[in-house]
1. Where in region 299-386 are there trypsin sites (Lys or Arg not before Pro) that are in a DSSP coil and have at most 10 other Cβ atoms within 10 angstrom of their Cβ?
2. Using the Karplus equation 6.51 cos²θ - 1.76 cosθ + 1.60 (θ = phi - 60°), what ³J(HN,Hα) coupling, rounded to whole Hz, does each residue of region 69-77 give in order, writing x for Gly and Pro?
3. From the helices alone, meaning DSSP H stretches of at least four residues, give me the mean residue ellipticity at 222 nm for the chain, per-run term -39500 (n - 2.57), in deg cm²/dmol to the nearest 500.
4. Provide the gained length on full extension for the span Thr71 to Leu286, in nm with one decimal, where the gain is 0.36 nm per separating residue minus the Cα-Cα distance.
5. Do any of Lys251/Lys274; Lys274/Lys307; Lys209/Lys405; Lys274/Lys349; Lys88/Lys375 go past 20 Å between their Cα atoms, and which?
6. Mind listing the phi-derived Karplus ³J(HN,Hα) values for region 83-97, rounded to whole Hz, using 6.51, -1.76 and 1.60 with θ = phi - 60°, and x for any glycine or proline?
7. To the nearest Å, what is the center-to-center distance of region 159-223 and region 328-344, using C-alpha atoms only?
8. Mind ordering 326-335, 159-168 by average Cβ neighbours within 10 Å, highest first?
Amino acid sequence: MKSLTKSSKPKLVSKDAQIQLSLPVTGVLRDVQSAFYGLCINAGKAVLSAMMEEDRAALCGPKGVPDVSRTAYRGGHTRSWVTLGGRKIPVSRPRVRALEAAELPLPTFAWAAHADPLNTATLAAIGAGVSMRRYRSTLDQLPVGHQEECSVSRSAVSRRFVALSTERLSEWLCCRLDKLVLPVIMVDGIYFRDHLVLIALGIDDAGDKHILGIREGSTENTRMVRSLLADLIERGLDATVARLWVIDGAKALRRAIGEVFGSLALVQRCQEHKRRNVLDHLPKELHASVSLALRDSWQSKDATLAKRQLERLARSLASNHPGACASLLEGLEETLTLTGLGIDGALYKTLRSTNPIENLNGLLAHYTRNVKRWKNGQMVLRWVGSALHEAATGFRCVRGFRDMKHLRNALVRTVKLDSTVQLKVA
């Protein structure tokens, strides 16, 4: 044996010494994950096979035991598909035939092949921004020996999403509104290229938000808005109730609300839209001072005083900036509707602008960000309906919801009744 030299003499290692080994950790973990996933698939298929055999034994009786009273018999196996992890994989399914040659279903297989988990995975992936082309890449990789799968191609995901979004759209367009108590309704539009979608958002007496209806068109005209409002009434919205309508100031929208609901509709013009419209007519050096003057006027709790302040501001702009003056005076009183109703605090901050529905529009834009081409209006409505369904799951009560009762009472006191109309409390 070769003797140890001084340089090669082994060193004693203390108990506390740390020994580091270089291991391909990433590769090991990947192999472990793949092996574990394969084990889960094999175990799951074995359990499913045993359960299906139990179903078949319950229908046909024990195997190899003669029974003259049996009404079904074994018919071998066939290849079928079950849902697993956002895809479908093949399994060997036992077959059961009745004496009249009709095949009988197995409850276990019907449960395993149900499409709900697959639909849920598809909608969740699209809602998270995964394109249909990349859907397969988001799923766990099948281990070696289990590479066959279906329902993950771009066309399959697309067909599935079309069917699901059509179903959701039908839900939105057909749901009844009779049982909803809605003192406040907001209406706003969002453009998808050449398509405009109008959305009606209701706020009930508890402060909860509800999507009431949608309508697709090319421009925001009075006829389109009237069609949306008529649909709401047909589905149960009471037209004899005093309500607050919060809008961005579009003339077609304001005209249609007046034509359909008359004096029972009190309109609150969005103060943020009004501010931006006024500033668009002014040089940048005046933006800060005019914004401050507008904010001070709108924060006043006295509607008469606020109106005088806004009119004084308009007069100061009339000479040098007549466009800004005209913009401020147009619909000025409707920017003070909430102040006239005596609403302040958190509820005033919520309803003084269309921010609640603008935020909803932002969610719609985010949900549809991967769509590069809108084929037609029906496609737009399907995507919007699906996006609204997702957004509604995250709705929360509006700020100041505890003052909704005060708002309802103020609406009844303020509305001037038509002698032929019986007013109801929202």
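1. Working: sites: Lys301, Lys307, Arg308, Arg312, Arg315, Lys349, Arg352, Arg369, Lys372, Arg373, Lys375, Arg382; in loops: Lys301, Arg352, Arg369, Lys372, Arg373, Lys375.
Filter output for region 299-386: Arg369, Lys372, Arg373, Lys375.
2. For region 69-77, the Karplus curve yields 8, 5, 10, 8, 9, 6, x, x, 10 Hz.
3. Values: 15 runs with 195 residues, N = 426.
Helix contribution divided over all residues of the chain: -14500 deg cm²/dmol.
4. Numbers: separation 215, 0.36 × 215 = 77.40 nm, distance 8.93 nm.
So the extension gain works out to 68.5 nm.
5. Values: Lys251/Lys274 13 Å; Lys274/Lys307 14 Å; Lys209/Lys405 16 Å; Lys274/Lys349 15 Å; Lys88/Lys375 29 Å.
Violating the 20 Å Cα-Cα cut-off are Lys88/Lys375.
6. 8, 8, x, x, 8, 10, 10, x, 9, 8, 9, x, 10, 10, 10
7. With region 159-223 and region 328-344 each reduced to a Cα centre, they are spaced 26 Å.
8. Details: 326-335: 18.7, 159-168: 16.7.
Packing proxy ranking, top to bottom: 326-335, 159-168.
Since every read-out is calculated from the coordinates, none of them should be taken as a lab result. All values derive from a computational prediction rather than experimental measurement. Positions of Cβ are backbone-derived with ideal geometry, glycine not excepted, and every protein chain shown enters the neighbour counts.
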